[in-house]
Amino acid sequence: MCAGCHERQGGAGVTRILITGGRGFLGRNLAAHLLERKDCETTIVGREDSTEILKVGLLAADVIFHLAGVNRPGDPSGFEEGNVGLTEHICQVLRDGKRSPKIVFSSSIQAEFDNPYGASKAKAENVLRQFASDTGACVRIFRLKNLFGKWCRPNYNSVTATFCHNIARDLPIVISDPAREVELSYVDDVVEALLAEVDGPKAEGETCALIPSYHIQLGDLAVRIQMFHEMKNTLTAPNFADWFNRALYATYLSYVPPAALRSALEIKTDTRGNLAEFIKEEHFGQIFISRTKPGVTRGNHYHHTKTEKFFVVEGEGLIRMRAVEGGPVEEYLVRGGEYQVIDIPPGTTHSITNVGSNEMVTLFWSSEMFDPNHPDTYYLSVDFVEPSKSMSLEIV
């Protein structure tokens, strides 16, 4: 059993947490999640805070997330001071105060390599292992990979942050070897693993096995981010079934300047009203929106495989559909505010008419992106004359 893991100094059911480096990339993301929890009292300490503030926080904490460190000092000696020296100081303060809280340390996979940064992280790990051995404290060491996510500093030590920042501003990026592969971990995946340490496990050890990572070539990484940047023009979204794409797009969007978050859709106008595509994706289809003038009818066509959904957001519309082989006409009166969706099956000619006195606003979804070479759209009035149409559909 690890001494300190069961202690709660902040009152019944409240865990006092200290984050060193709490204003850095990982610290800010972790703090944002912890501050949402009512069962935790979180203190953030940064390099601008005094050693006394750090001491007070250390002696009160039940769980310490030691995320502070140095990775690009002006002088190589800064690695020793910022990574090893600070860790030694933390352990000494806890020894002097006879405190053995749980310590979660953000190390790096570089600790396995012979370079100044990696060596300093490895030494800091050993300092913590010795502290755990001497005091029985819970020490958890996370050897993190290259992280990406919101709030990471661009043009520093994250290629993802630099790509996102520069591409979002139409600035050039430099790729010396597009085929070079990097292994990335998403900050929210890391935070999830760190948060699990607040309540357990209660055994000393090293862990990072539960944090997913993604292997990607630098050229592919740049292409994906560039595609996100061009979405405002192409309207084509990536495959968001891929979690990495969702995480990378969220990261990119966090670097877009506020003024560039607004984009205008291309509006196609005619005598019926106007229409604009909103978003499309190969596996999802596409969404578009239209405004239709009173008395105007849209549609009178059918599809063989393509399916659609009609959603009148504002106004009043009459949707009519009929099997292409003939038969009765089905009618659906829909009004904005009722939030009714009408599905359009294949092999059914259909139309929508604005039967209200004001403009009708309709949201359309199509099961496939429009392909002008294979539109799968054929004109046929819902009120077609059955004998002639039946002959044209005669099965040979």
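The values are calculated or read from the model by the stated rules, or taken from the named source; none is laboratory data. Note that the structure is a prediction, hence the values are computed from the model and not measured. Don't worry about glycine lacking a Cβ; one is built from the backbone with ideal geometry, like all the others, and counts go over all protein chains shown. Quick note on the areas: whole protein, heavy atoms, side chains included, nothing else; ligands and nucleic acids left out. Shrake-Rupley method; radii C 1.70, N 1.55, O 1.52, S 1.80 Å.
Find the eigenvalues of the gyration tensor of the Cα atoms of the chain, then list the square roots of 5 times those eigenvalues as equivalent ellipsoid semi-axes, largest first, in whole angstrom. Display every interim value, and only then the final one.
Details: eigenvalues 715, 109, 68 Å².
Equivalent ellipsoid of the chain: 60, 23, 18 Å, largest first.
Ordering VAL56, VAL187 by accessible area with a probe of 1.4 Å, largest first, what comes out?
VAL56, VAL187
I want the antiparallel fraction of DSSP beta bridges within the chain, as a percent rounded to 5.
Numbers: 51 of 78 bridges.
Antiparallel: roughly 65 percent of the beta bridges in the chain.
Pairwise alpha-carbon distances in region 236-338 exceed 21 Å for 55% of all pairs. For the chain, the longest principal axis of the Cα atoms and the long axis of helix 187-199 meet at an angle of about 50 degrees.
Calculated [222 nm] ellipticity per residue, helices only, for the chain: -8500 deg cm²/dmol; basis is -39500 (n - 2.57) per DSSP H run with n ≥ 4, divided by all residues, nearest 500. Put a plus charge on the Cβ of each Lys and Arg, a minus charge on the Cβ of each Asp and Glu, and nothing anywhere else: the dipole of region 247-339 about its Cα centre is then about 240 debye. Counting only protein chain heavy atoms and rolling a 1.4 Å probe, the accessible areas of TRP243, TRP365 rank, largest first, as TRP243, TRP365.
Quick check: from the Cα gyration tensor, does region 144-280 come out rounded (a/c under 1.5), prolate or oblate?
prolate
The accessible area of GLU81, taken with all protein chains in place and a 1.4 Å probe, comes to roughly 140 Å². Only protein heavy atoms count here; under a 1.4 Å probe, GLU230 has an accessible surface of about 80 Å². Classify region 147-193 as rounded, prolate or oblate, taking a ≥ b ≥ c as the square roots of the eigenvalues of its Cα gyration tensor: rounded when a/c is under 1.5, otherwise prolate if a/b is larger than b/c and oblate if not. Oblate, because a/c is 1.5 or more while a/b does not exceed b/c.
Partner lysines whose Cα lies under 21 Å from the Cα of LYS232, excluding those fewer than 8 positions away in the same chain, are identified as LYS150, LYS268, LYS280. Bridgeable lysines around LYS55 (alpha carbons under 28 Å apart, same-chain partners fewer than 8 residues away excluded): LYS38, LYS98, LYS102, LYS121, LYS123, LYS202. Computed from the C-alpha gyration tensor, the three semi-axes of the ellipsoid equivalent to region 68-139 are 23, 13, 8 Å, from longest to shortest.
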